[in-house]
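The values are calculated or read from the model by the stated rules, or taken from the named source; none is laboratory data. Small disclaimer: the values here were computed from a predicted structure and weren't measured. No Cβ is skipped: glycine too gets one built from the backbone with ideal geometry, and neighbour counts run over all protein chains shown.
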Amino acid sequence: MIREMNPHRLLDRNLRIGVKIWLFFMLFVCVVFLLMWLFQVIFLEWFYESMKIRDTAKVAQQLVSDFGSSEFEDDAADVALQNEMCIEILDANGRELYYNCVYGKKCLLHGPGNGTFFYLIDLQNSETGTICRRVLNNNLQNEMLVYGCTMYEKNGRVAGYLLLNSPLVPVESTVSILKRQTMLITILLVFFGFLISFYTANHISTPIVRITKSAKRLAHGDYSVRFEGGGYAEVDELVETLTYAAKELSKTDEMQRDLIANVSHDLRTPLTMLKAYAEMIRDLSGNNPVKREQHLNIIIEETDRLSLLVNDMLDLSKLESGTQKLNYTTFDIAQCMEEIVHRYEGISERMGYHIQFSPGEPCLVRCDESKINRVIGNLINNAINYTSKEDKQVFVTQKNLPGCVRIEVRDTGDGIEEEKIKLIFDKYYRSENHKREVVGTGLGLSIVKAILKMHGYNYGVNSKLGEGSIFWFEIRDIVQEEKTDGMQQKMN
């Protein structure tokens, strides 16, 4: 039963899809906006000072490693000039070994107040062997960074001390500029983010809404509905799947109607005959043993026909649903076919049909023997139904090919049109041509198809108008030759 959906609820769901997509985009915009404010404005000064300390520490390591070399003074002068940095190197007793002041002795190390002495004491008392101080230089009216580290000999003794003094560029003005710039960017980002996210959300949700409406029409039985994509791979794939489902549902619905019509036709005729001959026995031939026996035989034949139809329908249903399993056995396919053809001697003598069997060499195969018997029997029944009524010839052939055994059943009938060959294995496809003189239900070829698909065997039909048809299938499960001799000895 298809549940009716409230269109307002459907609209709400579609709106929720669009709103959620829009909210996701706006959330992304807010995250970008927050990160930009954090890194460009709020933490800018902290980042600058951290990077300044890290760069100064690298310079200190370079000076310590180069100290004592012949080119140290030239290298130290270049470092001081490039980094606007004052350098002071002291020995273990605090005596000056080297200095370079780029501020004309107005820095914190070489300026008034003997700053070197105080920073040296801090460095000597440091547990880590380094100091880092941010100090205001009143002479230059600028924040300065003082960095110091202890120099060690190879034996671990203190060899001296290195002090560096470099300016900290004020970032307040830069932060102020960035704040105004970031505010403008934020406004533009929110505005364009709103437009782009709204357009994107609408663009994504529109095909989903369209597909939902089309799917609702399909659920109400409109198989001609068309599904339109939205330019996205996933949506287009969904559209293709739903379009395919609509076509398959249309075929299934048509096949269901045909099945009901054909089953009704096949049931109605024998039921009518059963009723008619039962009434004839009651009214006319009840006291006539000969006529009564004839009428009863007809009733029995029609009852058998009904039983065969019901059994075929049940068997086909089990085969197609997969509830019926295969029972694999090993047997000689040539002997099996000979026994099947032998069973048709009665119908051949009674109705004048000639079944010519061309066997191949004995070959052991491994498959479900009873179901393969039924396949061959159904193909022979089909050939008897549609072979030429003038010569009534049916040809059954076994061909042992490399890797398989090919079974062919040929009739001499009118043949099949090329465009209808692909439909020949459908249920009841040819029931309108069903011959009453030969027992059949119209489901024989469908059962053949289901059994061969369960085995995974190739099958098909070759036909030309006016030349008859050849139905064939190939058994691929052949027992290997080295095993064949042993199995034949065991069978003997």
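Among the residues of segment 207-248, which ones are of a type in the set (S, T, N, Q) and either surrounded by fewer than 14 Cβ atoms within 10 Å (Cβ to Cβ) or without any contact (Cβ under 8 Å) to a residue 12 or more places away in the chain (or both)?
Within segment 207-248, Ser224, Thr241 qualify.
Do we find that Tyr353 is touching a helix residue (DSSP H, G or I) at 6+ places or on another chain (Cβ under 8 Å), within 28 Å of Leu271 (Cα to Cα) and of a type in the set (Phe, Trp, Tyr) in this structure?
Taking the combined requirement at face value, the residue does not satisfy it.
For segment 74-94: of the residues being surrounded by 13 or more Cβ atoms within 10 Å (Cβ to Cβ) and in a helix (DSSP H, G or I), which is nearest to the chain's Cα centre (by Cα)?
Step by step, filter segment 74-94, then rank; the result is Asn83.
Restricting to segment 456-492, give me the number of residues that are assigned to a loop (DSSP other than H, G, I, E, B) and either at pLDDT below 90 or among the small types (Gly, Ala, Ser) (or both).
8
Could you tell me whether segment 48-68 includes any residue that is within 52 Å of the chain's Cα centre (by Cα), hydroxyl-bearing (Ser, Thr, Tyr) and at pLDDT 80 or above?
Checking segment 48-68: at least one residue is within 52 Å of the chain's Cα centre (by Cα), hydroxyl-bearing (Ser, Thr, Tyr) and at pLDDT 80 or above.
Is it true that some residue in segment 330-340 is farther than 28 Å from Val479 by Cβ, free of Cβ contacts under 8 Å to residues at least 12 places away in the same chain and either in the same structural domain as Phe395 (by TED's automatic domain parsing) or crowded, with 18+ Cβ neighbours inside 10 Å (or both)?
Within segment 330-340, not a single residue is farther than 28 Å from Val479 by Cβ, free of Cβ contacts under 8 Å to residues at least 12 places away in the same chain and either in the same structural domain as Phe395 (by TED's automatic domain parsing) or crowded, with 18+ Cβ neighbours inside 10 Å (or both).
So that you can scan it fast, the table gives a plain yes or no per residue for (1) part of a helix (DSSP H, G or I); (2) in the same structural domain as Gln62 (by TED's automatic domain parsing); (3) loosely packed, with under 14 Cβ neighbours inside 10 Å; (4) modelled with pLDDT of 75 or more:
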site	(1), (2), (3), (4)
Leu145	no, yes, no, yes
Gly148	no, yes, no, yes
Leu164	no, yes, no, yes
Lys179	yes, no, no, no
Thr182	yes, no, no, no
Leu189	yes, no, no, yes
Leu195	yes, no, yes, yes
Tyr199	yes, no, yes, yes
His203	yes, no, no, no
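Quick one: count up the residues across segment 131-143 that are free of Cβ contacts under 8 Å to residues at least 60 places away in the same chain and part of a strand (DSSP E or B).
Total satisfying the criteria: 7.
Going through segment 390-449 one residue at a time, which ones are of a type in the set (S, T, N, Q) and modelled with pLDDT of 85 or more?
Gln393, Thr397, Gln398, Asn400, Thr412, Ser446
Any residue in segment 392-406 that is on the phi > 0 side of the Ramachandran plot sitting within a Cβ distance under 8 Å of a residue that is of a type in the set (D, E, K, R) and not in a strand (DSSP E or B)? List the pairs, counting only those 6 or more apart or interchain.
Pairs that qualify, where the first residue is on the phi > 0 side of the Ramachandran plot and the partner is of a type in the set (D, E, K, R) and not in a strand (DSSP E or B), are Gly403/Arg476.
For segment 449-473, which positions are free of Cβ contacts under 8 Å to residues at least 60 places away in the same chain and polar (S, T, N, Q)?
Asn458, Asn462, Ser463
Considering Tyr103, Tyr98, which residue is in contact with a strand residue (DSSP E or B) (Cβ under 8 Å, 6 or more places away or on another chain) and in a strand (DSSP E or B)?
Answer to the selection: Tyr98.
Just need a number here: residues in segment 298-338 that are in a helix (DSSP H, G or I) and either touching a strand residue (DSSP E or B) at 6+ places or on another chain (Cβ under 6 Å) or not acidic (Asp, Glu) (or both).
Total satisfying the criteria: 23.
Can Lys291 be described as basic (Lys, Arg), assigned to a helix (DSSP H, G or I) and either modelled with pLDDT under 70 or under 30 Å from Asp368 (Cβ atoms) (or both)?
No.
Does at least one position in segment 119-128 carry a residue that is surrounded by 15 or more Cβ atoms within 10 Å (Cβ to Cβ), under 17 Å from Leu145 (Cβ atoms) and of a type in the set (Phe, Trp, Tyr)?
For segment 119-128, residues surrounded by 15 or more Cβ atoms within 10 Å (Cβ to Cβ), under 17 Å from Leu145 (Cβ atoms) and of a type in the set (Phe, Trp, Tyr): present.
When you check Gly111 against the structure, is it touching a Lys or Arg at 6+ places or on another chain (Cβ under 7 Å), small (Gly, Ala, Ser) and either within 24 Å of Ser50 (Cα to Cα) or modelled with pLDDT under 80 (or both), yes or no?
Yes; evaluated as a whole, the condition is true for this residue.
Hey, could you check segment 250-284 for residues that are among the hydroxyl-bearing types (Ser, Thr, Tyr) and out of contact with any Leu (no Cβ under 9 Å at 6 or more places or on another chain) and say which is modelled with the highest pLDDT?
If we take residues in segment 250-284 being among the hydroxyl-bearing types (Ser, Thr, Tyr) and out of contact with any Leu (no Cβ under 9 Å at 6 or more places or on another chain), then Ser250 is modelled with the highest pLDDT.
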